[in-house]
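The values are calculated or read from the model by the stated rules, or taken from the named source; none is laboratory data. Just so it is clear, the structure is predicted and the values come from calculations on it, not from any experiment. All Cβ positions, even for glycine, are placed from backbone atoms using ideal geometry, and neighbour counts span all protein chains on display. Each accessible area value is taken on the protein alone, full model and side chains, heavy atoms only, with ligands, DNA and RNA left out. Shrake-Rupley method; radii C 1.70, N 1.55, O 1.52, S 1.80 Å.
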Amino acid sequence: MGKRILAGTHFMNGDEACAEGAIAAGCTLFAGYPITPQSEIAEHISVRLPEVGGVFIQMEDEISSLAAVLGGAWGGAKAMTATSGPGFSLMMENLGLGMMTETPCVLINIQRGGPSTGLPTLVGQADMMQARWGSHGDYGVIALVPSSPQESFELTVHAFNLAETYRLPVLVMSDEVVGHMYERVDIDPDKIEVVERKKPSLPPGEFQLYKPGPNLVPEGMPSFGDGYKVHVTGLTHDERGYPVLNAETQHQLVVRLKEKIAANSDDIIRVEETATEDADVIIVTYGISARTSLGALNLARDKGLKVGMLRLITVWPFPEAIVKSMAQRVTGFVVPEINLGQIVLEVDRVVRGDAVVRSVPHAGGDIHDPAVILEAIEEVFAHAG
Amino acid sequence: MPVKSKSLPTPELLNDARHPMEKYLRMDRLPHIWCSGCGLGTTLSCFTYALDEMHWTDADVGVVSGIGCTGRAAGYLNLDSYHTTHGRAIAFATGLAVVRPEKKVVVISGDGDLFAIGGNHFIHAARRNVNMTVLCVNNFNYGMTGGQFGPTTPIGQKGTTAPYGNFENPFNLPYLAASCGAVYVARWTSLDARRVKEAMIEALKRPGFSFVEIISPCPTNYGRRNKIGDGLDELRYYQENTVIRHGSDPRHAGIHPGKEIVVGCFVDEPRPTYLDLYNELVVEKNQFEKPSTLKKEI
Ligand SMILES: Cc1ncc(C[n+]2csc(CCOP(=O)(O)OP(=O)(O)O)c2C)c(N)n1
Ligand code: SF4
Ligand SMILES: [Mg+2]
């Protein structure tokens with residue numbers, strides 16, 4: 001049997017680190033379809049899963065990839081798929097099924113430039129709103145964004161844990177640069193925490209598939225063949241899982257799907273603050289753009305400008321409370337992202353005019369020039385007089 | 001949409017009459033939504049009788065459905081049952097089957113679900129020979145959405161979106177399944193409940209990808225619109241027009257209005273399943289430990 005956790009220090013790219021993170025978290029099924037810049041995940045995990053007693057299956061498209069992952073999850077496996085823009089679009093249908101049926105699994109998107117085929121080999125971060133709103137209907141979302149191969153490993157493990165804890169597909173929204181960049185990755189088994197699937201505590205007959213616990217999450221998930229004779233449906237359903245097509249049941253279910261994330265957001269949200277204590281201007285950013293922003297932050301500090309950075313590790317649910325409280329004490333926010341302004345809309349919504357909010361858009365293809373971010377910072381300082 | 005006939009027995013009337021296959025049905029979900037005269041009820045009971053004859057329980061089998069009138073079958077079966085997205089039942093079932101090889105996954109869905117929107121998943125699951133049985137209720141139209149034409153509607157037949165008659169060439173399902181590599185392929189009409197049940201048993205017994213097409217009346221949409229009459233009239237049409245040709249070349253099993261409908265078992269030819277080959281060529285060849293999930297297939 002191969003090793004599930006590759007303890008030690010490695011030189012790995014972000015994609016491979018995602019694959020290793022999945023295996024360390026106990027993933028035994030990967031279903032995917034090749035796409036740049038994600039293919040290294042599939043290639044790496046196709047080597048590794050058979051070594052550790054799992055199954056790698058290459059499906060006919062991304063629609064079936066996520067469908068198979070959901071099926072595998074109900075079969076009892078921890079399961080994952082990975083893709084990039086065009087495939088992410090195809091997955092939106094079954095992402096909704098996963099949300100509606102509260103199926104734990106992980107979906108990684110190594111973002112490239114879009115729309116459509118866009119820039120297959122070059123970076124983008126323009127799927128952030130699609131991650132939030134891509135499938136039809138209302139539901140809560142968890143999306144994590146790694147900034148390095150090390151974090152790609154850690155956040156993939158964490159994504160599996162969140163998927164089991166909150167019973168939903170969890171999104172890891174990496175990007176082409178982080179996916180392809182090679183860096184040191186330390187894997188320390190003592191630091192890896194794994195959440196196993198919670199099984200029903202009640203016997204068949206008494207157990208209700210979608211009866212939520214106090215944290216609004218259904219309590220326990222039986223696998224195929226466990227004797228619970230579950231009915232799992234994408235139709236609006238009651239706590240037994242039976243379709244009930246009326247406004248009252250819709251309200252009960254859909255509000256809970258949203259609230260189970262919102263009500264637990266303090267436990268879910270992770271951010272990293274750099275030099276924010278005395279900052280007058282804070283850069284709010286995520287993923288690879290946080291690393292470019294660090295360059296801009298240093299340039300600004302060299303000029304004596306009090307600039308800090310809030311790096312969103314969890315982009316969804318959006319760290320509202322943190323940004324809101326910062327807005328009370330800073331002059332403004334600068335939001336660099338490799339899209340034409342997506343997460344800046346959230347910052348703006350939360351700040352509500354209490355501070356200046358300045359977008360630093362970039363259509364994709366490469367990363368920001370730190371000088372452009374610095375310029376935006378200086379503009380905010382100038383604006384404040 | 002399926003319409004409920006006024007003459008359907010009320011739940012009160014059903015109180016005394018117990019369904020002999022009650023153990024396989026979610027009695028708390030009945031009455032079902034299907035129209036009177038629809039072939040879906042017969043098909044579902046054939047399936048329960050097949051399970052009963054095989055002494056299979058929920059420990060042996062689970063059901064996955066797509067969307068449509070047929071797709072509702074999963075919701076009435078007292079087994080682990082998964083009602084997925086339109087066309088994706090086979091893809092979902094693939095994931096379920098590869099992590100639970102000791103059990104049989106059965107996909108029950110309609111002609112539109114399996115062969116229009118889900119056609120790609122069908123051909124690839126058959127090619128891979130994933131361990132599953134696919135039961136297609138072919139009513140030659142999209143019943144659930146109101147009788148539009150679909151990928152099996154015969155030439156000349158009417159649908160709500162084929163007001164002048166369908167002019168697209170339909171799929172010949174046994175031929176399609178056979179050419180994609182299904183290990184067992186049969187077609188019957190829902191008139192012939194005993195043979196439908198037997199074909200289901202044969203399909204369920206085979207390891208790998210097996211397929212049964214059940215030609216079935218949809219009086220509400222297809223029958224009415226094509227002047228076939230009610231459910232019974234459509235069954236009578238089958239009685240008069242079907243011919244049994246076991247082992248015949250499925251190439252000649254295309255369905256054309258007014259011509260004979262060839263039924264029978266077209267393919268019964270074992271070959272290694274997806275997981276057989278995975279075990280042999282990946283796991284054993286490289287001396288990996290046999291995955292805990294890859295226990296013996298049934
Ligand atoms: C993505 C998507 N497109 C369209 C529909 C609407 N729709 C629901 S059932 C159905 C057709 C079902 O036809 P078939 O599979 O033949 O089943 P039947 O109702 O005839 O048993 C369609 C088009 C849907 N639910 N999802
Ligand atoms: S298939 Fe036709 S007859 Fe059967 S329930 Fe649907 S609409 Fe009614
Ligand atoms: Mg149909």
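Alpha carbon centre of region B:166-183 versus region A:182-227: separation in Å? Cα centroid to Cα centroid, the span is 42 Å. More than 29 Å apart: what percent of Cα pairs in region A:8-191 qualify? Cα-Cα pairs of region A:8-191 separated by over 29 Å account for 10 percent.
Looking only at Cα atoms, what is the convex hull volume of region A:293-352 per residue, in Å³?
Roughly 92 Å³ of hull volume per residue.
What's the long-distance tail for region B:60-167, i.e. % of Cα pairs beyond 23 Å? Beyond 23 Å sits 28 percent of the P(r) for region B:60-167. Cross-link reach is defined here as a Cα-Cα straight distance under 23 Å, omitting same-chain residues fewer than 8 places apart; for B:Lys227 the lysines meeting it are B:Lys4, B:Lys6, B:Lys158, B:Lys259. Taken per residue, the accessible surface of the protein assembly as shown reaches 38 Å², heavy atoms only and a 1.4 Å probe. Highest GNM mean-square fluctuation among A:Asn215, A:Asn298, A:Asn246, for chain A modelled with Cα contacts below 10 Å: A:Asn246. Our summary gives chain A a relative contact order of 16 percent, counting only alpha carbon pairs under 8 angstrom and 6 or more residues apart. Among the trypsin sites (Lys or Arg not before Pro) within region A:311-385, those in coil by DSSP and having at most 14 neighbouring Cβ atoms inside 10 Å are A:Arg329, A:Arg352.
Spin-label pair B:Ala59-B:Arg271: with each label point 7 Å from Cα along the Cα-Cβ axis, the two points sit 3.4 nm from one another. 3J(HN,Hα) along region A:72-88: x, 5, 6, x, x, 8, 7, 9, 8, 9, 8, 7, 9, x, x, x, 4 Hz, from the Karplus curve 6.51 cos²θ - 1.76 cosθ + 1.60 with θ = phi - 60°, whole Hz, x for Gly and Pro. For the peptides B:71-84, A:45-58, the ranking by packing is B:71-84, A:45-58, with the highest mean count of neighbouring Cβ atoms within 10 Å listed first.
May I ask for the longest run of chain B untouched by GluC sites (Glu not before Pro) that are loop-located per DSSP and have at most 16 neighbouring C-beta atoms (other than their own) within 10 Å? Formally, the longest exposed-site-free interval is B:1-101. Work out, in µm²/s and without decimals, the Stokes-Einstein translational diffusion coefficient of region B:103-230 at 25 °C, 0.890 mPa s, Rh from Kirkwood over C-alpha pairs. After rounding, the answer is 165 µm²/s. As a size descriptor, the averaged projected area of the C-alpha convex hull of region A:272-384 was calculated at 6.1 nm². Counting only DSSP H runs of at least 4 residues, each contributing -39500 (n - 2.57), and dividing by the residue count of chain A, the helix-based mean residue ellipticity at 222 nm comes to -12000 deg cm²/dmol.
From the gyration tensor of the Cα coordinates in region B:37-271, what semi-axes in whole Å does the equivalent ellipsoid have, largest first, with each one equal to sqrt(5λ)?
26, 18, 17
Each listed q (0.24, 0.25 Å⁻¹) maps to a log10 I(q)/I(0) for region A:143-189, found by the Debye formula over equal Cα scatterers with no solvent: -0.84, -0.88. Quick one: among A:Met221, A:Met129, A:Met80, which has the greatest mean-square fluctuation in a GNM of chain A with alpha-carbon springs under 10 angstrom? So, out of A:Met221, A:Met129, A:Met80, the one fluctuating most is A:Met129. Roughly what % of DSSP beta bridges within chain A run antiparallel, to the nearest 5? If I count the DSSP bridges inside chain A, around 35 percent turn out antiparallel.
In order along region A:354-368, phi translates into HN-Hα couplings of 6, 7, 6, 10, 10, 7, 10, x, 7, 6, x, x, 8, 8, 5 Hz, rounded to whole numbers, per the Karplus curve 6.51 cos²θ - 1.76 cosθ + 1.60 with θ = phi - 60° and x for Gly and Pro. Here's the list of lysines a cross-link from B:Lys290 could span, going by alpha-carbon distance under 27 Å and ignoring same-chain residues fewer than 8 apart: A:Lys3, A:Lys78, A:Lys198, A:Lys199, B:Lys103, B:Lys104, B:Lys205.
Put simply, the Cα atoms of the protein assembly as shown extend 92, 57, 51 Å along their principal axes, the longest span coming first.
Among beta bridges from DSSP that stay inside chain B, the antiparallel ones total about 20%. Computed on region A:8-191, with alpha-carbon pairs under 8 angstrom and 6+ residues apart, the relative contact order is 31 percent.
The distance linking region A:272-298 with region A:30-89 is 34 Å (Cα centroid to Cα centroid, whole angstrom).
At most 14 other Cβ atoms within 10 Å and a DSSP loop assignment: could you name the trypsin sites (Lys or Arg not before Pro) in region B:191-298 that fit? Hits after loop and neighbour filter: B:Lys227, B:Lys259, B:Lys285, B:Lys295, B:Lys296. In percent, rounded to a whole number, the relative contact order of chain B is 18, using alpha-carbon pairs under 8 Å and six or more apart.
So how much accessible surface do A and B hide from each other in total, probe 1.4 Å, in square angstrom to the nearest 100?
So the total buried area for this chain pair works out to about 3600 Å².
DSSP beta bridges confined to the protein assembly as shown are antiparallel in about 25 percent of cases. Among the protein heavy atoms of region A:62-150, carbon and sulfur supply 63% of the accessible surface, probe 1.4 Å, non-protein parts ignored. Treating the Cα atoms of chain A as identical point scatterers in vacuum, please give the log10 of the normalised Debye intensity I(q)/I(0) at q = 0.07, 0.08, 0.10 Å⁻¹, two decimals. For the requested q values the scattering log ratios are -0.31, -0.41, -0.64. Within the listed set B:Ala91, B:Ala59, B:Ala178, the residue fluctuating most in the Gaussian network model of chain B (springs between alpha-carbon atoms under 10 angstrom) is B:Ala59.
Loop-located GluC sites (Glu not before Pro) in region A:117-182 (DSSP state not H, G, I, E or B) with no more than 12 neighbouring Cβ atoms inside 10 Å do not occur.
Using the beta-carbon distance between A:Ser46 and A:Asp267 and R0 = 35 Å, what value does 1/(1 + (r/R0)^6) give for FRET efficiency, to the nearest 0.05? Computed FRET efficiency for A:Ser46 and A:Asp267: 0.55. Scanning residues 5 or more positions from B:Lys104 or on other chains, those with amide H under 5 Å from its amide H are B:Val61, B:Gly62, with H placed 1.01 Å from N in the peptide plane. Looking at region A:98-151, what % of the alpha carbon pairs are farther apart than 16 Å? So the pairs more than 16 Å apart make up 53 percent of the total in region A:98-151. Taking amide hydrogens as placed 1.01 Å from N in the peptide plane, the amide H of B:Leu77 sits under 5 Å from those of B:Arg26, each at least 5 positions away in sequence or on another chain. Between A:Val172 and A:Leu107, A:Ile108, A:Asn109, A:Leu144, the built amide H atoms are under 5 Å apart, and every one of these is 5 or more places off in sequence or on another chain. Using the Cβ-Cβ distance between A:Glu248 and B:Arg251 with R0 = 41 Å, the FRET efficiency computed as 1/(1 + (r/R0)^6) comes to roughly 0.15. If you take the Cα centroid of region B:63-108 and the Cα centroid of region A:311-372, the two points sit 44 Å apart.
Estimated from the Cβ-Cβ distance and a Förster radius of 41 angstrom, the FRET efficiency linking B:Arg18 and A:Lys258 is about 0.45.
Computed extension length for A:Val194-A:Arg352: 53.0 nm, one decimal, from 0.36 nm per residue of separation with the Cα-Cα distance subtracted. Computed over region A:230-302, the convex hull of the alpha-carbon atoms projects to a mean area of 8.2 nm². Compared with the dominant Cα axis of chain A, that is its longest principal axis, helix A:288-302 is turned about 30°. The slack between A:Glu206 and A:Asp302, meaning 0.36 nm per residue of separation minus the straight C-alpha distance, is 28.0 nm. Under the simplified labelling scheme, the B:Met27-A:Asp278 pair shows an inter-label distance of 7.7 nm, with each label point 7 Å from Cα along Cα→Cβ.
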